[in-house]
Amino acid sequence: MRIMHVSAECYPIAKVGGLADVVGALPKYQNLIGADSSVIMPFYNNAFTSKYDFSTIFDSQISLGNELIKFSVLKLSESILDFDIYFIDIKALLFKDYVYSADDTDRFLAFQIATLDWILTLKDKPDFIHCHDHHTGLIPFMTQESYKYESLNKIPIISTIHNAQYQGWMSHDHLYKIPEFNIKNIGLLDWNGVINPLAAAIKCAWRITTVSPSYMEELKIEANGLEDLLSHESLKVVGILNGIDADVWNPETDTFIIENYDVTSIESGKKSNKEWLCSEFNLDQDKPLFAFIGRLVGEKGAELLPDVFEKTLESDDISILLLGSGFKETESKLLELKSNHNGFYNAYIGYDEKLSHIIYAGADFLLMPSRVEPCGLNQMYSLRYGTVPVVRRIGGLKDTVIDIDEDGFGICHESVTVDEIVAAIKKASKFYKNQKVFNKNRKLIMGIDHSWKVSAKAYINLYKSIN
């Protein structure tokens, strides 16, 4: 079974969010159970592409409307990943030091057309094409409707919605750039008066998957305008919970963290990592350490964090460390808190992969007060490292975290309000004080298996069900 994943991100090549982690792990785990899974993505100008060598395996040009654009397909010269990975190299459009920008219409449209043009030439074509998010949302439409790709329309297309808030909207002025199709079928592209790639994927893909069962149900109620469409297409929509790469996220072998540990040495291991964090960021290591890792945006409830932290730090019973970036106003407010709560609070504005691993290893609790969380991987990472998640019941958080008052292992709250988040933190702090029970719980959560093993098999079974 040959599977080709098409994505804008893939860890460790280019990462903006959880999409990269999924695409960097799912093919690996599919290959472990006998598939032949690969990835194709844009060739960016970043640290990864500067470090390694690539060979050109195909050269051609695409038509983007009236413009002819040269492109190449590159492949890593050495096998450093557990799957084959290919790159679409379009110097003028894709070879940038960023993944996303304010206007990516031509960039990702060209990427998708070039991908399909290359697949047309392959002797051994994929048995399945698995597209990820709106950046690849026109591939299901083009394989079904564009005359140029008629020979590909028997290949089943699966499209995964990682986050329905972003849909790739573009005006009809771009219609002429899409390879020719029967204009009578333009309705497959249109949603609410614009070309909507995510909507087109939902209409044209053979199967739609969401990244957790709860998110699948939530999208029928709130999907940024696509609720009716998803309800209409519900028979082909399946919720499959994401997993994590248990080799990358493994406290026993993680080369990023200060001291490795397993379930038998968790207390000493987490203590060493916590001591390093508290020393580095001037925090009180005797207090329970709460952490937030993520984008400082409304979806994550981030604009409430300054008020939440102000209220919870009044008592000086906890320490808080934040790692993230996003809205400048939120960043400024979070930085302002440092002077008022020296020794109990600190913030690193930006992102640092190594630091994130140490935080998962050293923190006692991880905060995720999300308004939207299709699946969430951070809570799975924290469980793997024995860090108790404090989450809002939404999407994948609802599917993966059970409250301690319900014979579970985490702290849950229902709404995204300052008062509810503060109450959840206070509940967690109280839980921490009973060290015997708290440490027993940490050992329990380290044993929960959220690896891709189960989910990769679920995807394979989904593919098989199509034929």
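Table: residues versus (1) part of a loop (DSSP other than H, G, I, E, B); (2) outside the structural domain of K177 (by TED's automatic domain parsing); (3) touching a helix residue (DSSP H, G or I) at 6+ places or on another chain (Cβ under 8 Å).
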position: F71; (1), (2), (3): no, no, yes
position: I80; (1), (2), (3): yes, no, no
position: L94; (1), (2), (3): yes, no, yes
position: S101; (1), (2), (3): yes, no, yes
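Considering only region 108-141, state which residues are touching a helix residue (DSSP H, G or I) at 6+ places or on another chain (Cβ under 9 Å) and surrounded by fewer than 20 Cβ atoms within 10 Å (Cβ to Cβ).
At the first step, the residues of region 108-141 found to be touching a helix residue (DSSP H, G or I) at 6+ places or on another chain (Cβ under 9 Å) are 108-113, 115-117, 119-120, 125-141.
Answer for region 108-141, where residues must be touching a helix residue (DSSP H, G or I) at 6+ places or on another chain (Cβ under 9 Å) and surrounded by fewer than 20 Cβ atoms within 10 Å (Cβ to Cβ): L120, K125, D127.
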> Given the conditions (1) among the aliphatic types (A, V, I, L, M); (2) touching a Gly at 6+ places or on another chain (Cβ under 9 Å); (3) at pLDDT 95 or above; (4) under 28 Å from E252 (Cα atoms), and given that I358 satisfies all but one, which numbered condition is not satisfied?
Replying inline: (2)
>> Checking the condition under 21 Å from the mean Cα position of the chain (by Cα), crowded, with 23+ Cβ neighbours inside 10 Å and hydrophobic (A, V, I, L, M, F, W, C), which residue from A102, A47, A8 passes?
In response: A8
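Of the residues H413, H357, which is assigned by TED's automatic domain parsing to the domain that holds W276 and over 24 Å from I258 (Cα atoms)? Before you say what the answer is, go through the steps one by one.
Values: H357 fails: over 24 Å from I258 (Cα atoms).
Going through H413, H357 in turn, just one is assigned by TED's automatic domain parsing to the domain that holds W276 and over 24 Å from I258 (Cα atoms): H413.
Residue by residue, here is whether (1) without any contact (Cβ under 8 Å) to a residue 60 or more places away in the chain; (2) in contact with a Ser or Thr (Cβ under 8 Å, 6 or more places away or on another chain); (3) under 26 Å from Q30 (Cβ atoms); (4) of a type in the set (A, V, I, L, M, F, W, C) holds:
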| residue | (1), (2), (3), (4) |
| --- | --- |
| K70 | yes, yes, no, no |
| K75 | yes, yes, yes, no |
| Y86 | yes, yes, yes, no |
| A92 | yes, no, no, yes |
| F95 | yes, no, no, yes |
| Y98 | yes, no, no, no |
| S101 | yes, no, no, no |
> Of the conditions (1) under 22 Å from E373 (Cβ atoms); (2) in contact with a Pro (Cβ under 7 Å, 6 or more places away or on another chain), Y261 fails just one. Which one is it?
Replying inline: (1)
>> Could you check region 359-413 and list, in sequence order, the residues that are under 17 Å from S214 (Cβ atoms) and among the small types (G, A, S)?
In response: S370, G376, G395, G396, G408, G410
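Output the residue which, of all residues in region 228-257 that are closer than 23 Å to L462 by Cα, free of Cβ contacts under 8 Å to residues at least 12 places away in the same chain and not small (G, A, S), is surrounded by the most Cβ atoms within 10 Å (Cβ to Cβ).
Keep residues of region 228-257 that are closer than 23 Å to L462 by Cα, which gives 229-246.
Checking the rest, the ones that are also free of Cβ contacts under 8 Å to residues at least 12 places away in the same chain come to 231-232, 235.
Filter once more, keeping what is not small (G, A, S): 232, 235.
Numbers: H232: 12, L235: 7.
Among those that are closer than 23 Å to L462 by Cα, free of Cβ contacts under 8 Å to residues at least 12 places away in the same chain and not small (G, A, S), it is H232.
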> Looking only at region 288-308, which residues are part of a strand (DSSP E or B) and either within 15 Å of L397 (Cβ to Cβ) or in contact with a Leu (Cβ under 7 Å, 6 or more places away or on another chain) (or both)?
Replying inline: L289, F290, A291, F292, I293, G294
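Given the residues I411, I448, I460, which is the only one that is within 22 Å of the chain's Cα centre (by Cα) and not in a helix (DSSP H, G or I)? Spell out how you get there, then give the answer.
Details: I411 fails: within 22 Å of the chain's Cα centre (by Cα); I460 fails: not in a helix (DSSP H, G or I).
Exactly one residue qualifies, and that residue is I448.
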>> Checking the structure you have, find out if any residue of region 150-159 is over 26 Å from K70 (Cβ atoms), β-branched (V, I, T) and surrounded by 24 or more Cβ atoms within 10 Å (Cβ to Cβ).
In response: yes
>> Quick test of your reading of the structure: L367 fulfils all but one of (1) touching a Gly at 6+ places or on another chain (Cβ under 8 Å); (2) not in a helix (DSSP H, G or I); (3) not acidic (D, E). Name the failing condition by number.
In response: (1)
> Any residue in region 279-290 that is touching a Gly at 6+ places or on another chain (Cβ under 6 Å), modelled with pLDDT of 95 or more, of a type in the set (S, T, Y) and not assigned by TED's automatic domain parsing to the domain that holds L81?
Replying inline: no
>> Out of the residues in region 58-83 meeting the condition of being at pLDDT 95 or above and within 29 Å of the chain's Cα centre (by Cα), tell me which one is surrounded by the most Cβ atoms within 10 Å (Cβ to Cβ).
In response: F71
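Would region 36-46 turn up any residue that is at pLDDT 95 or above and more than 30 Å from G294 (Cα to Cα)? Even if it seems obvious, please write down each step before you answer.
Here is the first cut: in region 36-46, the residues at pLDDT 95 or above are 36-46.
With the extra rule that they be more than 30 Å from G294 (Cα to Cα), the set shrinks to 36.
Looking through region 36-46, at least one residue is at pLDDT 95 or above and more than 30 Å from G294 (Cα to Cα).
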> When you go through (1) within 27 Å of Y166 (Cα to Cα); (2) β-branched (V, I, T); (3) without any contact (Cβ under 8 Å) to a residue 40 or more places away in the chain one by one for T417, which number turns out not to apply?
Replying inline: (3)
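The values are calculated or read from the model by the stated rules, or taken from the named source; none is laboratory data. Because the structure is a prediction, the values reported are computed rather than measured. No Cβ is skipped: glycine too gets one built from the backbone with ideal geometry, and neighbour counts run over all protein chains shown.
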